[in-house]
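Comments concern the structure below.
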Amino acid sequence: MSTTAKRIAFHTLGCKLNFSETSTLSRDSLKYGYENVDSKEFADIYVFNTCSVTENANKETRKLIRRSKRINPNAFITLVGCYAQLKSEELTNIEDVNLVLGTEDKFELLNYLDQIDFSNDIKSSYSGPITDVKTFKPSYSSDDRTRSFLKVQDGCDYNCTFCTIPLARGKSRNASIKKTVNLAKDISRTNAKEIVLTGVNIGDFGKGTDENFYDLIQQIDNKVDIERIRISSIEPNLLTDEIIEFCFSSRKFMPHFHIPLQSGSDRMLKSMKRRYTTSLYSDRLNKIKSFDQDACIGVDVIVGYPTESDEDFLETYNFLKSNDVSYLHVFTYSERENTEAIDIRPVVPHSERSRRSKVLHELSDKKKSAFYEKSVGQIKPVLVERNKNGMLFGYTDNYIKTRIQGPVSLENTIQNVLISDFKTSYVECEILMTS
């Protein structure tokens, strides 16, 4: 490696899974003698872990490339991740891009950089065919000292018509429970107080083996000395009664579930090739609420999927309105190459997609406000995360964002608080006692 290439900047686009992988690459770069800097600062090498879920994610990648070149016109630009895997040739042809690594090669990044003569303007692409995506690289984030995202699974065997993730990340795979638990133990020896289990389709953990996700969470709960554990997102058809029951019997697992829905219309779910019905989804919600009426439930939903009629959208709206969910992640359908949905007709006009998105965002705001307002007067444990302008922020066990007055010394501690009032995006709290 050239001695002039010392400053390296990493930036993550997309999901928590990408975040855990970028953090691992960043930590590994220190072993190669690099100095980590922020992606908004001057660096010799910029590495972008890309996302390709929507066209906006692709546009953001190109925007970041231009920004980096303004900061350092001689910077070496490297793209890894999902966009790099799906569109390696397109990205390699961008004038300012020097290195493109697909899913299989992304964790070999530092080996590639170590062999490059940075005195020459080299452009290379190492994005193999999707069939080469076979390895599983455990990873976890360490940028946020209060919580860590632990990658427990990668890839997906589902064939949802709108999704490119199986193409970008390959088939479902994971490490053994033993190796995963050992990595969680590594996290527990850091300052982190919370582990978030993440992956592409974590409910499929252990598929094809004698291990499964239920076994995994039991082992982590039993063997890892950590205060809090969350499940990032899990498919409703894989969220079994025993998983729900175990989470509420555990002192470590938080009463917070994020469950993708995508549509409240069974006709749409069938067209999307989702593996459940609205009836099954409702059963999962009711099961959770039977244990804890204050449990937080987040929902993913897509608007503007091809052939989605006004009636289909109204079904989705009414389904979400009538069910006790806490917030929505609303995605506007975006055409993706090499998916079945791109050939489905008729398409929903973009103006109508935007209108439906706005309607569901407004519903999400109402749901979240009602969820927050209901918490006023309750006593909750809060993991205090950061100090901003003299105020402390954090999250309750059931994922309510809090603002607390208190000393900086309370950062990265768990405090019992009384929720006294709610605002648009957080609740006001008073500390009852230090724990």
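Each value in this text was obtained by applying a stated rule to the coordinates, not by laboratory testing. Computed from a prediction, not measured in an experiment: that's the story for all the values here. Here Cβ is always computed from backbone atoms with ideal geometry, including for glycine, and neighbour counts include all displayed protein chains.
From the C-alpha coordinates alone, can you work out the Kirkwood hydrodynamic radius of segment 269-387, in Å? Working shown, then result.
Values: mean 1/r = 0.0615 Å⁻¹.
Evaluated on segment 269-387, it is 16.3 Å.
If you take the charge dipole of the chain about its Cα centre, with +1 on Lys and Arg Cβ and -1 on Asp and Glu Cβ, which of Ser351, Tyr281, Gly206 is farthest toward its positive end?
Ser351
Magnitude of the Cβ-charge dipole of segment 136-254, K/R +1 and D/E -1, about the Cα centre, nearest 20 debye?
Dipole of segment 136-254, to the nearest 20 debye: 520 debye.
Just add up the charged neighbours of Pro138: K/R +1, D/E -1, any other residue whose Cβ is under 13 Å from the Cβ of Pro138.
Result for the neighbourhood of Pro138: +3.
Roughly how many nanometres apart are two label points built 7 Å out from the Cα toward the Cβ at Asn416 and Asp186?
Here the modelled spin labels are 3.6 nm apart.
What cysteines in the chain have no other cysteine with a beta carbon less than 4.7 Å from their beta carbon?
Cys15, Cys51, Cys82, Cys156, Cys247, Cys296, Cys429 - these cysteines have no disulfide-compatible partner (Cβ-Cβ under 4.7 Å) in the chain.
Express as a percent, rounded to the nearest 5, the fraction of DSSP beta bridges in the chain (both residues included) that run antiparallel.
Details: 24 of 69 bridges.
The antiparallel proportion sits near 35 percent.
Considering every Cα-Cα pair within segment 235-294, what fraction, in whole percent, is farther apart than 18 Å?
36 percent
Which order do the peptides 34-43, 151-160, 133-142 come out in when sorted by mean C-beta neighbours inside 10 angstrom, highest first? Don't skip to the end; give the middle numbers.
Working: 34-43: 15.0, 151-160: 21.7, 133-142: 18.9.
Packing order, densest peptide first, comes out as 151-160, 133-142, 34-43.
Taking amide hydrogens as modeled 1.01 Å from N in the peptide plane, which residues meet the under 5 Å criterion relative to Val200, leaving out close sequence neighbours?
When sequence neighbours closer than 5 places are left aside, the close amide H contacts are Gln153, Asp154, Gly155.
On full extension of the chain, what length is gained from Glu311 through Ile71, given 0.36 nm per residue of separation minus the C-alpha to C-alpha distance?
Separation in residues times 0.36 nm, less the Cα-Cα distance, equals 81.4 nm.
What share of all Cα pairs of the chain, in percent, falls into each consecutive 20 Å distance bin?
Per 20 Å bin, starting at zero, the Cα-Cα P(r) for the chain comes out as 24, 57, 19, 0 percent.
In nm, what is the difference between 0.36 nm times the number of residues separating Asn389 and Lys178 and their Cα-Cα distance?
Details: separation 211, 0.36 × 211 = 75.96 nm, distance 4.26 nm.
The Asn389-Lys178 span can extend by a further 71.7 nm.
Can you run phi through the Karplus equation (6.51, -1.76, 1.60; θ = phi - 60°) for segment 350-358 and list ³J(HN,Hα) in whole Hz, with x for Gly and Pro?
4, 5, 6, 4, 5, 5, 5, 4, 4
In what order do Glu308, Glu373 fall by count of nearby beta-carbon atoms within 10 Å, going from fewest to most?
Numbers: Glu308 25, Glu373 12.
Least to most surrounded, the residues fall as Glu373, Glu308.
For a distance above 21 Å, tell me the whole-number percent of Cα pairs in segment 7-132 that qualify.
Details: 2429 of 7875 pairs.
When every Cα pair of segment 7-132 is considered, 31 percent fall beyond 21 Å.
Using 0.36 nm times the number of residues separating Lys40 and Ala370, minus their current alpha carbon distance, what extension gain do you get?
Full extension from Lys40 to Ala370 adds 115.0 nm.
DSSP loop GluC sites (Glu not before Pro) in segment 194-274 with at most 13 other Cβ atoms within 10 Å of their Cβ, which ones? Don't jump to the answer; show the numbers that get you there.
Values: sites: Glu194, Glu211, Glu227, Glu242, Glu245; in loops: Glu211, Glu227.
Counting only loop positions with at most 13 other Cβ atoms within 10 Å, none of the GluC sites (Glu not before Pro) in segment 194-274 qualifies.
When the helix-only estimate is applied to the chain (DSSP H runs of n ≥ 4, each -39,500 (n - 2.57), divided by the residue count), what is the mean residue ellipticity at 222 nm, nearest 500 deg cm²/dmol? Could you put the intermediate results ahead of the total?
On the way: 13 runs with 145 residues, N = 435.
Roughly -10000 deg cm²/dmol at 222 nm, from the helical runs in the chain.
Taking a virtual spin label 7 Å from the Cα of Phe248 along the C-beta vector, which residues in segment 279-319 bring their backbone nitrogen under 19 Å of it?
280-299
Rounded to whole Hz and in sequence order, give me ³J(HN,Hα) for segment 342-349 from the Karplus expression 6.51 cos²θ - 1.76 cosθ + 1.60, θ = phi - 60°, writing x for Gly and Pro.
Result, rounded to whole Hz: 5, 9, 7, 10, x, 8, 8, x.
Could you give the alpha-carbon Rg of segment 136-254 over 2.2 N^0.38 Å, rounded to two decimals?
For segment 136-254, the normalised Cα radius of gyration is 1.03.
Rounded to the nearest 0.05, what FRET efficiency do Lys171 and Thr240 have when you use their Cβ-Cβ distance and R0 = 30 Å?
0.85
Would you mind computing the Rg to Rh ratio of segment 379-433 from its alpha-carbon coordinates, Kirkwood style for Rh?
That ratio is 0.90, to two decimals.
Using Cα-Cα distances under 8 Å and only pairs 6 or more residues apart, what relative contact order does segment 7-132 have, in percent? Display every interim value, and only then the final one.
Details: 213 pairs, mean separation 27.2, N = 126.
So the answer I get is 22 percent.
Positive end of the dipole of the chain, charges at C-beta (+1 Lys, Arg; -1 Asp, Glu), about the Cα centre: which of Asn18, Thr402, Asn93 has its Cα farthest in that direction?
Thr402
Could you pull out every residue, at least 5 positions away or on a different chain, whose amide H is within less than 5 Å of the one on Ile229? Hs are placed 1.01 Å off N in the peptide plane, and Pro or chain starts have none.
Close amide H contacts, sequence-distant or interchain: Ile195, Phe253, Met254.
Nothing charged except the Cβ atoms of Lys and Arg (+1) and of Asp and Glu (-1): what's the magnitude of the dipole of segment 379-433 about its Cα centre? Round to the nearest 20 debye.
For this selection, approximately 160 debye.
Dipole size in debye (nearest 20) for the chain around its Cα centre, Lys and Arg Cβ +1, Asp and Glu Cβ -1?
Result for the chain is approximately 620 debye, rounded to the nearest 20.
Which of Gln293, Ile226, Asn237 sits farthest toward the positive end of the charge dipole of segment 223-324, with +1 on the Cβ of Lys and Arg and -1 on the Cβ of Asp and Glu?
Ile226
Taking 18 Å as the cut-off for C-alpha to C-alpha distance, list the pairs among Lys137/Lys179; Lys134/Lys178; Lys185/Lys223; Lys273/Lys321; Lys185/Lys401; Lys185/Lys207 that go past it.
Pairs exceeding 18 Å: Lys134/Lys178; Lys273/Lys321; Lys185/Lys401; Lys185/Lys207.
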